Amino acid sequence: MSGFKRDWSGNAKKRDGPKPAQKAVARNAYTPMFETLRDELDQHHDRRERLVKASRDITALSKKIIFSLQRVRKIESQLPANIQAEIDSRLTEIAKLLAVIAPEIQGINRYRYSRSLMCLEELVEALTFAHYLRTQTLVSQDELAPIVEDLSRQGATTEDAVMADAGDSAENRPRPAKTEPPTVSLTQEDYLYGVFDLTGEMMRFATTSTALTGAMASGSAAGDGEDEPRSIVQDMHHLGSFFEMLPVGKGNRLAWERKLEVTRQSVQKVEKLGYDRTIRGSERPKGWIPDLSAGDQGPPDEE
Amino acid sequence: MIDPALFEQLKSKIEEDASVRKELDQILDDLNQHVSFTQGVLSRIHSTPRSKYAPLLGQVEGGIKNEIETIGRLSAFASQYPYYKYNHKWQRMVQDAISTVILCAWLGGLSSESTPGEVGRLLTLEDIGALFGVPVDLKDRDAFHITIEEYLLGLINVIDDLSRLAVNSVTLGDTAMAVQISAFIKDLHAGFQVLNLKNDILRKRVDSIKYAVKKVEDVVYDLSLRNLIPAPEAQ
């Protein structure tokens, strides 16, 4: 396709540039109506553009959090300090962005711009993954929503703080009225699709951690009070069945089925990993395991 | 790993969503039926001389009355849920309903004491909202309404239909109608040029208006060539 449109007489038409003077002058009975509608539509387009920009940044930051988390080697209640620090700094950035977009997506606008806010899925993925690595459980939407709301609130306050720091008379400048800042809410779709993606991250985590520590990632025995700590294979099975049992989301059946298929594959990859560990793990000489001090705590236990 | 309550909660929410969609589908089925009927009746204008519009428009108004009733039901039901979560389901249908109403009014139907029915009346977005009894371009609260995009897309459908009518009215000997349509479509075309469009469906449809303009201009050209344009409206 050519880069511009032609009118019926074959002349190139410019849409975005300034209008030809002749046209700008030619007004008719309907021009005022169209001008009003244009202003309304422009508001909508501009808002969407702002959201898309912020969304891209939030997605990038969330991905960086996930990369940091992939450097964790085992499931334990405290993430390694350096990784936690990386995540915290990213979250601060995300919080600021959330605070910026929050006022734009209140009320009726929340769903209007859902499709421009794919970043929330990514953020859910990062947060649920961090939660899993700490607690070996899936955080629910009800637990997650306040966390995201808090983030947007934090972002709003740090922004104020930054502005206050910038001014010399920071101390005696009157603080803005203490109204509750608008927060970003999660939709069920954001949550579910984020958790779908979580299975992929868990698969990658299971693979790297098994390769590098020689043991299947599992919870600490004390944590669960069960005889044997639950391994990530069981968790993946659990999560896989969880999605299989849920009724298919009607809103976007295609996306749902695609995600479900990816989840199935991830589950099977981890299964295979568990099998390999069981059947061949014992054949490996103990000393063979590469020592990556982060996760190594004595010899891996053999089943 | 997963709290069983979480599963139950998500499951019931998804089921609730599914039942909302089902209910909507039923209402939209009804709406579809009324809109199709009204469109069908309206299609007869292409073979009806202007003098016989009145009984035809009366029938169209009957169809529109059903549309209004169904959109009222849709509005009442859909307003319970986030508007933009489901609005893609009815966008098309509401657009078509808007088209029937705009066309009917343009042809002189839907008259009242304050607005006598005359050919060439364009209903605005606000008029449409008032007619259907629903708000338009809502921003401050989350409820059913008619959007600007729906109105504009509905209007473009009418332009297409009128360009066809220009041809057929000439066949029926009503050359004044073709000239009037030409002026109307040109004005609207200029109006649409005022909009700043993004690369979306609205832009695609707006781009198509020029073909309607050309079609009607060709008709007017043929008429003027043969001195068939009635005197008062000439050029």
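Every read-out reported here was derived from the displayed coordinates using simple, explicitly stated rules and does not represent laboratory data. Quick caveat, the model's predicted, so the values are computed rather than measured. Cβ placement follows ideal geometry from the backbone for every residue including glycine, while neighbour counts extend to all protein chains displayed.
Numbers for the structure displayed
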{"read-out": "Cross-link table B:K13/B:K85; B:K186/B:K215; A:K96/B:K139; B:K22/B:K89; A:K250/B:K204, entries beyond 20 Å C-alpha to C-alpha", "value": "A:K96/B:K139; A:K250/B:K204"}
{"read-out": "Listed residues B:T147, A:V52, B:L165: farthest to the positive end of the dipole of the protein assembly as shown (Cβ charges)", "value": "B:L165"}
{"read-out": "Relative contact order %, region B:40-193, counting alpha carbon pairs below 8 Å whose residues are six or more apart", "value": "25"}
{"read-out": "Spin-label zone in region A:182-215 - amide nitrogen under 16 Å from a point set 7 Å from the Cα of A:S241 along the C-beta vector", "value": "none"}
{"read-out": "C-alpha center-to-center spacing [region A:22-88, region B:61-136] in angstrom", "value": "34"}
{"read-out": "Region B:146-235: trypsin sites (Lys or Arg not before Pro) in DSSP loop, at most 16 other beta carbons within 10 Å", "value": "B:K198, B:R226"}
{"read-out": "Cα-centre dipole for the protein assembly as shown with unit charges at Cβ (Lys and Arg positive, Asp and Glu negative), debye to 20", "value": "2300"}
{"read-out": "Degrees, to the nearest 10: B:4-42 long Cα axis against longest axis of chain B", "value": "20"}
{"read-out": "Crossing angle, helix B:53-78 versus chain B [Cα axis fit, 0-90 degrees, rounded to tens]", "value": "20"}
{"read-out": "Mean shadow area of region B:1-146 over all directions, Cα convex hull, nm²", "value": "10.6"}
{"read-out": "Whether region B:140-224 is rounded, prolate or oblate, judged on the alpha carbon gyration tensor where a/c under 1.5 counts as rounded", "value": "prolate"}
{"read-out": "Cα-centre dipole for chain B with unit charges at Cβ (Lys and Arg positive, Asp and Glu negative), debye to 20", "value": "620"}
{"read-out": "Residue order, fewest to most surrounding Cβ atoms within 10 angstrom, among B:L225, B:L165", "value": "B:L225, B:L165"}
{"read-out": "Positive-end extreme of charge dipole, region B:1-146 - chosen from B:W106, B:A5, B:N87 (charges on Cβ)", "value": "B:W106"}
{"read-out": "Potential extension, B:K204-B:Q26 segment - 0.36 nm per residue separation minus Cα distance", "value": "61.1 nm"}
{"read-out": "Dipole axis of region B:1-146 (+1 Lys, Arg; -1 Asp, Glu on Cβ), positive-most option in B:F77, B:S51, B:I14", "value": "B:S51"}
{"read-out": "Computed helical MRE - 222 nm, the protein assembly as shown, DSSP H runs ≥ 4 contributing -39500 (n - 2.57), nearest 500", "value": "-22500 deg cm²/dmol"}
{"read-out": "Spatial separation of Cα centroids for region B:180-235 and region B:4-38, in angstrom", "value": "41"}
{"read-out": "Total charge dipole magnitude, region B:149-235, about the Cα centre, Cβ charges on Lys, Arg, Asp, Glu only, Debye to nearest 20", "value": "240"}
